[in-house]
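Asks: Structure incoming, see below.
The values are calculated or read from the model by the stated rules, or taken from the named source; none is laboratory data. Treat the numbers as computed from the prediction; the structure is a model and nothing was measured. As a convention, Cβ positions derive from the backbone with ideal geometry for all residues, glycine included, and neighbour counts pool all protein chains shown.
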Amino acid sequence: MAINDKLKDHILESIGEGVFTVDKNFKINFFNKAAENITGYSREEVLGRFCKHIFRSELCYTDCPIAISLKSKKTIYDYESKIQTKSGIAKPIKLNSAVLYNEEEQPTGGIISFRDNSELVVLKNSLEKENTFKGIVGHSKQMQEIFDLIKEISESAAPVFIHGESGTGKEMVANAIQATCARNNNPFIKVNCSVFPSTLLASELFGHVKGAFTDAFKDRPGRFELADSGTLFLDEVAEMPLQMQLQLLRVLQEGSFERVGESITRKVDVRVISATNINIKDALKKGILREDLFYRLSVIPIEIPPLRERMDDLFPLVQHFLKKFSILYKKQILDIDDKALDYLLKYKWPGNIRELENVIEYAFVRTTNSDIIEFAKLPATIRENSQKSFSITDKHSFAENGGEITKMLALLEKHHWNKQKVADELKIGRTTLWRKLKKLGFET
Amino acid sequence: MSEMLGNQYFMARKYTDALAELEPCLAEDPQNKSIKRKLVICYTQTGKNQKAMDLFIELVDEDIEFILTADPIKDDCPCNELVENLEKQNLPENGEFYTLSGILWLYCDLQSSIDVFEKALTFDLENKTLQYLIKKLNFYKDQKSLKLSS
């Protein structure tokens, strides 16, 4: 069904993202309502004017996103920039940019959709000030070792294989690797291999030429080409069909591939970071994952421990999420009561950090007349599951230790998990502290 | 090659890049005055003074008004700033300097352009191109005055 122009205008007017288009001289010829709200300019004020005179961004002179789209013939996604509003305030935005072509494939203009990124930038800056590594909270020995490894491999472009249960933060580790490596200013493209049907994955990764299959109306580069000189993150790589695994192996070995429906061999320089949550031994044994591919991908293997094996990180993670939701939901809840924390510490977290984040968000949203998360606001799964796993002695022990956990955790946080300093402040011996932590279920 | 990309480079004051995009576009579309007007400026900013002069005369012959009406805001014409920069550079004030200056001045002000071209002529009294240009610009000025008075 063709969409008429009136409907198109209505759609563009009603969406929350700012949208504007320019002609081939870069004069604005469309400006939607959301763009007016974000910039403070009315449509009448901007139509017919050069976009650089309206947005006054440094990028207009260095890396205009439409110019990048023109040069690369690709749509640009999630490009970060800063514009000046009408009142002269610098506003961070995230934008997508594409070129508009006529029937002769000649560029006739460009389109940019953008959203106000101010709140996210504030959130990011605020969370970065915390004691995190590239946004990852991890005080435990296991996580500290991973951070050290990431720093050590920052000069290398060798393939990295990240393994960890669902929700452990594999993508965040991949982001941290990219952020610290020498390619950090080059493209970082992510593909979830389980999302695409096997018939489309080849086209997604390697691109296709017009007519290669029914819906291939024009040539399209694949993710490998888009990631040239940068990094490609292949999530859930073991879900890839075996035939594709063979093609992937070839790219890793030779750096070359062909677009679907084309015989021209293309060369790329791409670093591959891959990840999976499946049991590798089983996958290799069952032939789901090619052994040669696995060894090629896992030059640098990283194993992310599940949350239950690094409970030292639970309290700092809770604090981190409370801070995040305080900014996002614009309400101050920065603490959790002892009982709620005790139950969180006893839970096994099969969904790991993602599950913890969801639990905290759930409790956060439910907390309305208090500045502290209370036990009653936790989801039933936590309250019931933890209760089931409690023995009478456990209950007694936890009741007895009450606020001690929170106090100790606060001190551990304060002293960056230096246990000697915590023991000194509590005026107890290091061994006593060790015994107390062990009793409470902490790795010591 | 892409006129649109050339336009962006021109907007970003990347004259060498703009030249590389716009030159082949003009070859494809030789009547495109907008490209010519930008290319003249690109030539002056990349040391291709003879090419700048040749294309400038072509455009003067074709449509002086089109050069004169170039607006710093409406057309993003950079000539005000370029004339200012040229004068700041302490270049030797010879025929070439004044010729370049005369080209850029026409994008802003007719009389200033004529004055500067006349200065250029004093360095090379036999320069036929300059003589032709000055004559042409003066003729245009007179025509315009006549129109205004009538």
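Asks: Could you count how many residues in the stretch A:64-102 are within 20 Å of A:Pro221 (Cβ to Cβ) and of a type outside the set (Lys, Arg)? Reasoning before the result, please.
Replies: Step one: filter the stretch A:64-102 for residues within 20 Å of A:Pro221 (Cβ to Cβ), giving A:65-79, A:96-101.
If we keep only those that are of a type outside the set (Lys, Arg) as well, we get A:65-70, A:72, A:75-79, A:96-101.
So the count comes out to 18.
Asks: Mind checking which residues of the stretch B:1-31 are closer than 12 Å to A:Asn25 by Cβ and either within 18 Å of the chain's Cα centre (by Cα) or touching a residue at least 24 places away in the same chain (Cβ under 8 Å) (or both)?
Replies: B:Glu3, B:Gly6, B:Asn7, B:Phe10, B:Met11
Asks: At least 2 residues that are within 18 Å of A:Cys51 (Cα to Cα) and in contact with a His (Cβ under 7 Å, 6 or more places away or on another chain) in each: list the helices (runs of 4 or more DSSP H) lying fully within the stretch B:1-83 that qualify. First the steps, then the outcome.
Replies: Numbers: elements: B:3-11, B:15-28, B:33-45, B:49-68.
Filter on the stretch B:1-83 gives an empty set.
Asks: What number of residues within the stretch A:21-48 are at the interface with another protein chain (Cβ under 10 Å from one of its Cβ atoms) and aliphatic (A, V, I, L, M)? Even if it seems obvious, please write down each step before you answer.
Replies: Pass one, the stretch A:21-48, residues at the interface with another protein chain (Cβ under 10 Å from one of its Cβ atoms): A:22-27, A:48.
So of that shortlist, the ones also aliphatic (A, V, I, L, M) come out as A:22.
Here the count works out to 1.
Asks: Of all the residues that make up the stretch A:49-67, how many are at the interface with chain B (Cβ under 10 Å from one of its Cβ atoms) and either among the aromatic types (Phe, Trp, Tyr) or over 13 Å from A:Gly109 (Cα atoms) (or both)?
Replies: The number of residues fulfilling the criteria is 10.
Asks: Given the options A:Ile93, A:Ile146, name the one that is modelled with pLDDT of 85 or more, assigned to a strand (DSSP E or B), buried (at least 17 other Cβ atoms within 10 Å of the Cβ) and not hydroxyl-bearing (Ser, Thr, Tyr).
Replies: Details: A:Ile146 fails: assigned to a strand (DSSP E or B).
Sole residue among the options that is modelled with pLDDT of 85 or more, assigned to a strand (DSSP E or B), buried (at least 17 other Cβ atoms within 10 Å of the Cβ) and not hydroxyl-bearing (Ser, Thr, Tyr): A:Ile93.
Asks: Kindly provide the set of residues from the stretch B:1-23 that are facing chain A (nearest Cβ under 9 Å) and over 22 Å from A:Thr21 (Cα atoms), ordered by number. Walk me through it before giving the result.
Replies: Start the filter on the stretch B:1-23 by keeping residues that are facing chain A (nearest Cβ under 9 Å), which leaves B:2-5, B:7-9, B:11-14.
B:Lys14 - this is the single residue of the stretch B:1-23 that is facing chain A (nearest Cβ under 9 Å) and over 22 Å from A:Thr21 (Cα atoms).
Asks: Would you mind finding the one in A:Asn175, A:Asn186 that is closer than 20 Å to A:Lys134 by Cα, in the same structural domain as A:Ile146 (by TED's automatic domain parsing), in contact (Cβ under 8 Å) with a residue 24 or more places away in the chain and in a loop (DSSP other than H, G, I, E, B)?
Replies: Values: A:Asn175 fails: in a loop (DSSP other than H, G, I, E, B).
Being closer than 20 Å to A:Lys134 by Cα, in the same structural domain as A:Ile146 (by TED's automatic domain parsing), in contact (Cβ under 8 Å) with a residue 24 or more places away in the chain and in a loop (DSSP other than H, G, I, E, B) holds for just one of A:Asn175, A:Asn186, which is A:Asn186.
Asks: Being in a loop (DSSP other than H, G, I, E, B) and either free of Cβ contacts under 8 Å to residues at least 24 places away in the same chain or touching a Ser or Thr at 6+ places or on another chain (Cβ under 9 Å) (or both) is the filter here; which residues of the stretch A:49-77 pass it? Steps first, answer last, please.
Replies: So the first thing to find is which residues in the stretch A:49-77 are in a loop (DSSP other than H, G, I, E, B), and the list is A:49, A:56-58, A:63-64, A:73-75.
Once the filter is applied, which keeps residues that are in a loop (DSSP other than H, G, I, E, B) and either free of Cβ contacts under 8 Å to residues at least 24 places away in the same chain or touching a Ser or Thr at 6+ places or on another chain (Cβ under 9 Å) (or both), the stretch A:49-77 yields A:Arg49, A:Ser57, A:Glu58, A:Asp63, A:Cys64, A:Thr75.
Asks: Scan the stretch A:84-95 and report the pairs whose first residue is touching a residue at least 12 places away in the same chain (Cβ under 8 Å) and whose second residue is of a type in the set (Lys, Arg), with Cβ atoms within less than 6 Å and a gap of 6+ or a chain change.
Replies: From residues that are touching a residue at least 12 places away in the same chain (Cβ under 8 Å), the pairs are A:Gln84/A:Arg56; A:Thr85/A:Lys91; A:Pro92/A:Lys82; A:Lys94/A:Arg115.
Asks: Looking at A:Asn279 and the list (1) more than 14 Å from A:Pro159 (Cβ to Cβ); (2) under 19 Å from the mean Cα position of the chain (by Cα), which single condition is not satisfied?
Replies: (2)
Asks: Only one of these is aliphatic (A, V, I, L, M) and in the same structural domain as A:Ala34 (by TED's automatic domain parsing): A:Ile89, A:Ile136. Name it. Lay out the reasoning, then the answer.
Replies: Values: A:Ile136 fails: in the same structural domain as A:Ala34 (by TED's automatic domain parsing).
After ruling out the rest, the residue left standing is A:Ile89.
Asks: I need a count of the residues in the stretch A:68-79 that are away from chain B (no Cβ under 12 Å) and closer than 15 Å to A:Ser113 by Cβ. Lay out the reasoning, then the answer.
Replies: Looking only at the stretch A:68-79, we keep the residues that are away from chain B (no Cβ under 12 Å), and these are A:74-79.
Within this subset, residues satisfying the condition of being closer than 15 Å to A:Ser113 by Cβ are A:75-79.
Of the residues in that region, 5 qualify.
Asks: Which fully enclosed strands (runs of 3 or more DSSP E) of the stretch A:216-335 have 1 or more residues being touching a residue at least 60 places away in the same chain (Cβ under 8 Å)?
Replies: On the way: elements: A:231-235, A:256-258, A:265-267, A:271-276, A:300-304.
In the stretch A:216-335, A:231-235, A:271-276, A:300-304 are the strands (runs of 3 or more DSSP E) which contain 1 or more residues that are touching a residue at least 60 places away in the same chain (Cβ under 8 Å).
Asks: Further, regarding this structure: Is the stretch A:260-270 home to any residue that is under 30 Å from A:Pro306 (Cα atoms) and in contact with a Ser or Thr (Cβ under 9 Å, 6 or more places away or on another chain)?
Replies: Here is the first cut: in the stretch A:260-270, the ones under 30 Å from A:Pro306 (Cα atoms) are A:270.
When the remaining residues are screened for being in contact with a Ser or Thr (Cβ under 9 Å, 6 or more places away or on another chain), the result is A:270.
Yes, the stretch A:260-270 contains a residue that is under 30 Å from A:Pro306 (Cα atoms) and in contact with a Ser or Thr (Cβ under 9 Å, 6 or more places away or on another chain).
Asks: Suppose we filter A:Leu297, A:Leu328, A:Leu314, A:Leu249 for residues that are among the hydrophobic types (A, V, I, L, M, F, W, C) and under 20 Å from A:Leu149 (Cα atoms); which single one remains? Step through it out loud before you land on a result.
Replies: Values: A:Leu328 fails: under 20 Å from A:Leu149 (Cα atoms); A:Leu314 fails: under 20 Å from A:Leu149 (Cα atoms); A:Leu249 fails: under 20 Å from A:Leu149 (Cα atoms).
Every option except A:Leu297 fails the conditions.
Asks: Let me ask another. Tell me, please, whether a residue that is part of a helix (DSSP H, G or I) and touching a Cys at 6+ places or on another chain (Cβ under 9 Å) can be found in the stretch B:106-116. Can you show your working first?
Replies: Filtering the stretch B:106-116 down to residues part of a helix (DSSP H, G or I) leaves B:106, B:110-116.
Narrowing further to those that are touching a Cys at 6+ places or on another chain (Cβ under 9 Å): B:106.
So far as the stretch B:106-116 goes, yes, one or more of its residues are part of a helix (DSSP H, G or I) and touching a Cys at 6+ places or on another chain (Cβ under 9 Å).
Asks: Please enumerate the residues belonging to the stretch A:16-44 that are acidic (Asp, Glu) and touching a residue at least 60 places away in the same chain (Cβ under 8 Å).
Replies: Within the stretch A:16-44, A:Glu17, A:Asp23 qualify.
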